[in-house]
Amino acid sequence: MTCPRSGCTTTPSPGTSRRSCGYCGSCGSAGARPSPKNTGRPAGGSWGHRDFSLLLCSLLRATGTPARLRCGFATYLADGWYEDHWVTEYLAPDGVRRLADAQIHSGYDVPFDPMDVPRDAFLVAGDVWQACRRGRVDPETCGLSSVEKLRGLWFVHGNVLRDLAALNGVELLPWDGWEPWLRMGTPLTEDALAAADAVAAARSPDDRQRLFADPRLTVPAEITSYTPYLGDRRVTLPVR
């Protein structure tokens, strides 16, 4: 079967699940990410970064703390890279929204508190999109540093849409997609560029809700989950 993110054909490994493996064996899985800087320890074990972030988000919500997932790029997982990543954004007691990276809480050498990740260390997808569009960041350094085919402006565009979905309560898996814009290497039309520009510029909840109501930007009722072990599966989402 062919992975839409890597473009390669693979034989799945036994025991792989939708939760723990989003990419094929030759392009790395959600549970086999590049080693963090200065540690030499594989990041995440059998869990992926989104799994850690979702669990933390759920625990925070259970305590009454407003929390949500954010999709974007980390600068602390690979030197010189904006690495595909998910974190948790929560409302701290002081009323400030902070970023937390549960995956790096133990065993990672980072110069900050994992419960207060600086916003220039993890950048939400819209901020990276704007930096790429303005020529401040090379899109070819955005994506998966270990997989040549999984990088570029098309990859950033996909994360812009996933982050918009998360902000509207639809927490996708990193390998969930739909036509026409969430396929590997899809050429970005002027319409796609303008739509992502609008999403990246949105700052208020009302603006994000309005954009998410746009049929081009919303998550459809039926999506495709591109998992090598289970194959490409059509998934019907719960009615929102």
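The values are calculated or read from the model by the stated rules, or taken from the named source; none is laboratory data. For clarity, every value in this text was computed on a predicted model and none was experimentally measured. Note: ideal-geometry Cβ built from the backbone for every residue, glycine included; neighbour counts use all protein chains shown.
Just for region 138-148: of the residues that are within 12 Å of Phe73 (Cα to Cα) and either among the aromatic types (Phe, Trp, Tyr) or over 12 Å from the mean Cα position of the chain (by Cα) (or both), which one is modelled with the lowest pLDDT?
Step one: of region 138-148, the residues within 12 Å of Phe73 (Cα to Cα) are 139, 141-145.
Next cut, either among the aromatic types (Phe, Trp, Tyr) or over 12 Å from the mean Cα position of the chain (by Cα) (or both) only: 139, 141, 145.
Values: Pro139: 97, Thr141: 98, Ser145: 94.
Only one residue tops the list, namely Ser145.
Could you check, for region 200-211, whether at least one of its residues is closer than 29 Å to Asp79 by Cβ and either surrounded by 13 or more Cβ atoms within 10 Å (Cβ to Cβ) or within 18 Å of the chain's Cα centre (by Cα) (or both)?
yes
It is to be established whether one or more residues within region 117-131 are more than 18 Å from the chain's Cα centre (by Cα) and surrounded by fewer than 18 Cβ atoms within 10 Å (Cβ to Cβ). It would help to see each step written out before you state the result.
Here is the first cut: in region 117-131, the residues more than 18 Å from the chain's Cα centre (by Cα) are none.
Looking through region 117-131, none of the residues is more than 18 Å from the chain's Cα centre (by Cα) and surrounded by fewer than 18 Cβ atoms within 10 Å (Cβ to Cβ).
Within region 138-148, identify whether any single residue is buried (at least 24 other Cβ atoms within 10 Å of the Cβ) and either of a type in the set (S, T, N, Q) or under 23 Å from Ala195 (Cβ atoms) (or both), and answer yes or no.
Within region 138-148, one or more residues are buried (at least 24 other Cβ atoms within 10 Å of the Cβ) and either of a type in the set (S, T, N, Q) or under 23 Å from Ala195 (Cβ atoms) (or both).
Looking at (1) closer than 24 Å to Glu89 by Cα; (2) out of contact with any Ser or Thr (no Cβ under 8 Å at 6 or more places or on another chain), which one does Pro215 not meet, given that it meets all the others?
Going through (1) closer than 24 Å to Glu89 by Cα; (2) out of contact with any Ser or Thr (no Cβ under 8 Å at 6 or more places or on another chain) one by one, Pro215 breaks only (1).
Only one of these conditions is not met by Arg50: (1) modelled with pLDDT under 95; (2) over 21 Å from Val160 (Cβ atoms); (3) outside any loop (DSSP other than H, G, I, E, B); (4) in contact with a Cys (Cβ under 9 Å, 6 or more places away or on another chain). Which number is it?
Against the list (1) modelled with pLDDT under 95; (2) over 21 Å from Val160 (Cβ atoms); (3) outside any loop (DSSP other than H, G, I, E, B); (4) in contact with a Cys (Cβ under 9 Å, 6 or more places away or on another chain), Arg50 comes up short only on (2).
Of everything in region 63-116, what is in contact with a Leu (Cβ under 6 Å, 6 or more places away or on another chain), without any contact (Cβ under 8 Å) to a residue 40 or more places away in the chain and among the hydrophobic types (A, V, I, L, M, F, W, C)? Give them in sequence order.
Across region 63-116, the qualifying residues are Ala67, Val87.
Inside region 81-93, can you point out the residues that are farther than 30 Å from Asp138 by Cβ and assigned to a strand (DSSP E or B)?
Across region 81-93, the qualifying residues are Tyr90, Leu91.
Are any of the residues in region 220-233 farther than 28 Å from Leu99 by Cα, loosely packed, with under 13 Cβ neighbours inside 10 Å and of a type in the set (Lys, Arg)?
For region 220-233, residues farther than 28 Å from Leu99 by Cα, loosely packed, with under 13 Cβ neighbours inside 10 Å and of a type in the set (Lys, Arg): present.
Would you please name the residue that is farthest from Asp120 (Cα to Cα), looking only at residues in region 53-80 that are assigned to a loop (DSSP other than H, G, I, E, B) and among the small types (Gly, Ala, Ser)?
Initially, region 53-80 is screened for residues assigned to a loop (DSSP other than H, G, I, E, B), giving 63-66, 75-80.
Cutting the leftovers down to among the small types (Gly, Ala, Ser) gives us 64, 78, 80.
Numbers: Gly64: 28, Ala78: 15, Gly80: 13 Å.
The qualifying residue farthest from Asp120 (Cα to Cα) is Gly64.
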